[in-house]
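Step one of this worksheet: look at the structure below.
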Amino acid sequence: MVADGLPDVIGLSGLPDAVTICEVGPRDGLQNESTVVATEVKREFIERLVDAGLRRVETTSFVPAAWIPQLADAEQLLASLPRRPGVRYPVLVPNARGLARALDAGVEDIAVFASATETFAQRNLNRSVAQSLEMFAPVVHDARAAGLGVRGYLSMCFGDPWEGPVPVQQVADVAASLMALGCTELSLGDTIGVATPGQVFAVLAAVQAKGMSIDAVAVHFHDTYGQALSNTLAALQAGVRVVDASAGGLGGCPYAESATGNLATEDLIWQLTGLGIETGVDLDRLVATSVWMAEQLGRPSPSRVVRALGAPS
Ligand code: MG
């Protein structure tokens, strides 16, 4: 480490020149925090993330308020955000009602969320995998017809707390069905954070063998077992260029007991910066944002980089 709080830069062959970070803190992070954060605090959080250089900030979710009280202010939050050139504020949408609300709010990108396993589909969506895809089909179709980008999230791609190991071919099959609905991007989720790098290569190879372009694939790793950055590096070596991360490591998954911790954006930036990979993010500003957000939540950030750089000196 050098004096200005950044790693030395030494590249590694076979990696992309630039990576797009899909910042999920305001949605995936805050949805899984027990504290309900005020709309004004969320707005400031998102504005600070954009000021730090993040260009895709998943903002909220148009699910019924009873499902996720933490995100019940979706309309007010989106209305409070200044639109800036090149900045996208994707939102989650579960059904036709959610899409109608998202369109009314003027969103440009939505995401639907499916599961690679039957148990999690039942627990998260109260439907089988096939039934959930049927539910999403008209949503994806109508969103695309309205000119929106549609991300398809796929949960439990690397292990399921109830079913155990998830066959690679099963993940690839559900991923292909999800993309066949018309999604423009696939985000493969390690919802309980159990993946290891060889498994990442195997799942990405299986997905590509089903005809999907690696250019349309993103990865969403959790750091439960300390593997998120290793898995990210494996995904980059396999050609992935979109990585999901949550500022300060906010959030986990309330339905998966052992799941703690999205990959922290700061930890990701440290690695990418050291590898000479462009992200467009100012790490100091991002760390300051996560330190501030941790104060709002009343507990320290779990991010190693936030702790290393953000501690009062
Ligand atoms: Mg997550």
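The values are calculated or read from the model by the stated rules, or taken from the named source; none is laboratory data. Just so you know, these numbers come straight off a predicted model, no measurement behind them. For neighbour counting, all protein chains shown are included, and Cβ atoms are generated from backbone atoms with ideal geometry for every residue, glycine included. Calculation scope for accessible area: heavy atoms of the full protein, side chains included, ligands and nucleic acids excluded. Shrake-Rupley method; radii C 1.70, N 1.55, O 1.52, S 1.80 Å.
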Any chance segment 259-271 includes a residue that's of a type in the set (A, V, I, L, M, F, W, C), surrounded by fewer than 23 Cβ atoms within 10 Å (Cβ to Cβ) and at pLDDT below 95?
yes
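Conditions (1) at pLDDT 95 or above; (2) under 20 Å from the mean Cα position of the chain (by Cα); (3) more than 22 Å from residue 221 (Cβ to Cβ), marked per residue:
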position: 14; (1), (2), (3): yes, no, no
position: 27; (1), (2), (3): yes, yes, no
position: 53; (1), (2), (3): yes, yes, no
position: 57; (1), (2), (3): yes, yes, no
position: 82; (1), (2), (3): no, no, yes
Any idea how many residues of segment 186-204 are within 16 Å of the ligand (Cβ to nearest atom) and open to solvent by 20 Å² or more (accessible area, probe 1.4 Å)?
1
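Return the total of residues in segment 103-134 being in a helix (DSSP H, G or I), crowded, with 16+ Cβ neighbours inside 10 Å and among the hydrophobic types (A, V, I, L, M, F, W, C). Quick ask: steps written out before the conclusion?
Taking segment 103-134 as the starting set, the residues that turn out to be in a helix (DSSP H, G or I) are 103-104, 118-125, 129-134.
Checking which are crowded, with 16+ Cβ neighbours inside 10 Å leaves us with 103, 118, 120-122, 124-125, 129, 132-133.
Going one step further and asking which of them are among the hydrophobic types (A, V, I, L, M, F, W, C), we end up with 103, 120-121, 125, 129, 133.
Going through segment 103-134 one residue at a time, the tally reaches 6.
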Read through the list (1) outside any helix (DSSP H, G or I); (2) touching a Leu at 6+ places or on another chain (Cβ under 9 Å); (3) over 21 Å from residue 246 (Cβ atoms), then give the number of the only condition that residue 183 fails.
(2)
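Do you know which of the residues in segment 215-226 that are open to solvent by 10 Å² or more (accessible area, probe 1.4 Å) and at pLDDT 95 or above is farthest from the ligand (Cβ to nearest atom)?
Residues of segment 215-226 open to solvent by 10 Å² or more (accessible area, probe 1.4 Å): 215-216, 220, 223-226.
Filter again for at pLDDT 95 or above, leaving 215-216, 220.
Working: 215: 22, 216: 19, 220: 6 Å.
My answer is 215.
What do you reckon, is residue 65 assigned to a loop (DSSP other than H, G, I, E, B), more than 20 Å from the chain's Cα centre (by Cα) and either within 16 Å of the ligand (Cβ to nearest atom) or more than 18 Å from residue 267 (Cβ to Cβ) (or both)?
Details: assigned to a loop (DSSP other than H, G, I, E, B): yes; more than 20 Å from the chain's Cα centre (by Cα): yes; either within 16 Å of the ligand (Cβ to nearest atom) or more than 18 Å from residue 267 (Cβ to Cβ) (or both): yes.
In short, yes.
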Could you tell me which numbered condition residue 191 fails, if it satisfies all but one of (1) more than 17 Å from residue 16 (Cβ to Cβ); (2) at pLDDT 95 or above?
(2)
What is the one condition in (1) out of contact with any helix residue (DSSP H, G or I) (no Cβ under 6 Å at 6 or more places or on another chain); (2) open to solvent by 50 Å² or more (accessible area, probe 1.4 Å) that residue 162 does not satisfy?
(1)
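So for segment 205-214 (the condition being away from the ligand (no atom under 16 Å from the Cβ), touching a residue at least 60 places away in the same chain (Cβ under 8 Å) and in a loop (DSSP other than H, G, I, E, B)), does at least one residue qualify?
Here is the first cut: in segment 205-214, the residues away from the ligand (no atom under 16 Å from the Cβ) are 205-214.
Of the ones still in play, those that are also touching a residue at least 60 places away in the same chain (Cβ under 8 Å) are none.
For segment 205-214, residues away from the ligand (no atom under 16 Å from the Cβ), touching a residue at least 60 places away in the same chain (Cβ under 8 Å) and in a loop (DSSP other than H, G, I, E, B): absent.
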Counting only residues that are within 12 Å of the ligand (Cβ to nearest atom) and in a helix (DSSP H, G or I), which one in segment 227-251 is farthest from residue 311 (Cα to Cα)?
228
Name the single residue that is farthest from the chain's Cα centre (by Cα) among those in segment 29-48 being open to solvent by less than 10 Å² (accessible area, probe 1.4 Å) and within 16 Å of the ligand (Cβ to nearest atom).
30
